[in-house]
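For reference, the structure discussed in these notes is given below.
The values are calculated or read from the model by the stated rules, or taken from the named source; none is laboratory data. Since we're looking at a predicted model, the values are computed, not measured. Counting neighbours? That spans all protein chains shown, and the Cβs are built from the backbone with ideal geometry, glycine included. Ligands, DNA and RNA are stripped out before the accessible areas are found, and what is left, the full protein with its side chains, is counted by its heavy atoms. Shrake-Rupley method; radii C 1.70, N 1.55, O 1.52, S 1.80 Å.
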Amino acid sequence: MSPDKQARTGTDSALRNFLRSEAAGGILLMVAAALAMIVANSPLYDMYHHILHELQGPVLSKKLGPMTPHLWINDGLMAIFFLLVGLEIKREFVDGRLNTWERRRLPILAAAAGMAVPALIYLAVVRDVPLLLNGWAIPAATDIAFAIGVLALLGPRAPTSLKLFLVTVAIVDDMGAVAIIALVYTAEINGAALLASAVILGIMYTMNKAGVKSLPVYLIFAALLWYAVLLSGVHATIAGVLAALAIPIVVTPGAPDATDSPLHRLEHGIAPWSAFFIVPVFGFANAGVSLEGIGMEQIFAPLPIGIAAGLFFGKQIGIFAAVWIAVKTGFAGRLGGASWLQVYGVAMLCGIGFTMSLFIGALAFPGNQLLIEEAKIGVLGGSFLSAIAGYCILRFAPQDKHLKSLDEEEAQQLKAVL
């Protein structure tokens, strides 16, 4: 066996690990969300709320006040999740399936439409309640862990091309969500801390250009960057994405998992922690909604209805319409091995907004616990409907033998890339 062949077969690709770990992580996330709902509606609710919101630690930022476990999860652990998101974005654009415009244009178009249409539907529903307008971005996000988890349950009935399409759309979707968090949900800016953030980031980029590949050094500066961003007023999780963009990557076409690539090594190191610990812990800490005293009036209030409608109707309409128009106009080619009904099923799965939607919901209505709880109801409802409907469509969609052979070709191409 040649050294190149041995290297390729001896090291799993990042994308293959991503698909594998996120599938299992998505199922674990479902369990964590269900457990949070059970605890929140049991005698354990007071303890659940006390541990998350009332235990206090050091004051890292005057704006946030004493750090509670909930803050450590949402501003600390989730920064590591966003670091992984940033690493995946950089890898895909530099050395992956989004490294050319031809490969980028369909997922970019689909993700853009899949964010715009849900936001417009949400705004149409809540237009008469000005206080709710700030939540327009809540239904714009897709939860890759949950969606891949549902696809994993379908096994071979989900064509390879659909899995790749879902991953790439979710990556572009994450870029949009990061931009929204940085630009829209930032209130007061601390100029000195923001300048410090820029200086630290500049040092990291300079080290990259100078050929420094020591991951511990980059991680030390990433921690300093996180603290500076936390003090700046920009949400601290953005530091994870910015740090990721400064991590060096070794470009190796055909075998993109170079063992001497800091980015690939860091991505492999973080992925299991993100899938099996960080995201489930976030889900458990944020999905618990007490239904005590909540009736039909609260469930069908404008905020939860706007979010659920945006996720369930907006995502499927925006993404499917974008793909259909792109194919019919020749802007992009049809997904290999997938029927239009299967493409529609995956567009439906993109309405699972769980992690990012819950995260944005907390940012959209800071300090207003009632609206945050209503937002959770909308996110959970819209995500649940999208998951069930998407699964049923893909489970019972007829399998076309001709399309299946095309998918086998896609799978062979995928193996060559991975």
Restricted to Cα positions, what overall size does the range 87-235 have along the principal axes? Three whole-Å values, descending. 45, 44, 29
Relative contact order of the range 111-172, defined on C-alpha pairs under 8 angstrom at six or more residues apart (%): 36 percent
Using square roots of five times the C-alpha gyration tensor eigenvalues, list the equivalent-ellipsoid semi-axes of the range 161-237 in whole Å, biggest first. 26, 21, 9
Using just the C-alpha positions of the range 66-157 as equal point scatterers, what log10 of I(q)/I(0) does the Debye formula give at each q in 0.10, 0.16, 0.26 1/Å? -0.44, -1.02, -1.17
Comparing GLU297, GLU88, GLU188, which has the greatest mean-square fluctuation in the GNM of the chain with Cα pairs linked when under 10 Å apart? GLU297
Which label marks the calculated value of Cα extents along the principal axes in Å, given the options [x] 63, 46, 38; [y] 60, 53, 39; [z] 60, 47, 45? [y]
Project the alpha carbons of the range 261-339 onto their principal axes and report the range along each, largest first, in whole Å. 52, 40, 19
Distance in Å, no decimals, from the C-alpha centre of the range 97-121 to the one of the range 196-258 is 26 Å
Quick one: Cα convex hull volume of the range 303-402, Å³ per residue? 94 Å³
Projected area averaged over orientations for the range 56-112, convex hull of C-alpha atoms, nm²: 5.5 nm²
Carbon/sulfur accessible area of the range 128-203, % of total, 1.4 Å probe, equals 71 percent
Spin-label zone in the range 263-300 - amide nitrogen under 20 Å from a point set 7 Å from the Cα of LYS213 along the C-beta vector: 263-270
Roughly how much of LYS213 is accessible, in Å² to the nearest 10, using a 1.4 Å probe? 100 Å²
Long-range amide H contacts for MET67: which residues qualify at under 5 Å (H placed 1.01 Å from N, peptide plane, sequence gap of 5 or more or a different chain)? GLY57, VAL59, LEU60
Enter the accessible area per residue of the chain (Å², integer; probe 1.4 Å; all protein chains in place). 43 Å²
First measure r as the distance between the Cβ atoms of TRP324 and LEU55, then evaluate 1/(1 + (r/R0)^6) with R0 = 51 Å and state the FRET efficiency to the nearest 0.05. 0.50
Largest-first semi-axes in Å of the equivalent ellipsoid built from the Cα gyration tensor of the range 234-372 are 33, 27, 13
Please list MET204, MET30 from largest to smallest accessible area, probe radius 1.4 Å, with all protein chains kept in place. MET30, MET204
Say each of PHE277 and LEU35 gets a label point 7 Å from the Cα, pointing the same way as Cα to Cβ; how far apart are those two points in nm? 1.5 nm
